[in-house]
């Protein structure tokens, strides 16, 4: 596996874990929405675990070319932005609406949209198909957040 691919994997793993941390924080802060946030956090951790598995099995695994975002700088910026949000929200509690809008915006960001595009595209290989089967339930967080926001009467505008 090339150094560049390893860097992309590391940054993509960090992105999934950072989003999971943010959703876990929202789980802890918003009792009425605990189940919703917990499910999303678990799915983000699952995404990270699958990427870690691909990284550990470099001798046999082929990471699907469309799985990782191509723009490393955008991945790094997304990770920094989420780290900043975690720090800010740990010190100053966000409103419920702010939490949902933040999540909705993140799920429409480069890393998450790219992941969803991979999940939605036609499989080109057995590796692609196996990865998709493992992630059947993890589809379209942005739409799920949007629907939940609608149920809660929160406008679905992006936030950050």
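Among 140-146, 102-108, how do they line up by average Cβ neighbours within 10 Å per residue, starting with the highest?
With the highest mean Cβ count within 10 Å placed first, the list reads 102-108, 140-146.
Given a Förster distance of 41 angstrom, what is the FRET efficiency for residue 72 paired with residue 31, based on the Cβ-Cβ distance and rounded to 0.05?
Details: r = 38 Å, r/R0 = 0.93.
With R0 = 41 Å, the Cβ-Cβ based efficiency is 0.60.
Straightening the chain between residue 97 and residue 49 buys 14.3 nm, computed as 0.36 nm per residue apart minus the Cα-Cα spacing. Under 12 Å from a label point set 7 Å out along the Cα-to-Cβ vector of residue 90, the amide N atoms of region 15-52 belong to 21-22, 25.
Between the beta carbons of residue 147 and residue 83, assuming R0 = 22 Å, the FRET efficiency works out to 0.20 to the nearest 0.05. Ordering 20-28, 147-155, 92-100 by mean Cβ neighbour count within 10 Å, with the highest value first, yields 20-28, 92-100, 147-155.
Peptides 39-46, 9-16 ranked from most to least packed, by the mean per-residue count of other Cβ atoms within 10 Å: 9-16, 39-46.
Bear in mind that the values in this text are calculations on the coordinates, not laboratory data. Note that the coordinates shown come from a computational prediction; the quantities given were computed from them, not determined experimentally. Every residue, glycine as well, gets a Cβ built from its backbone with ideal geometry; the counts of neighbours run over all protein chains shown.
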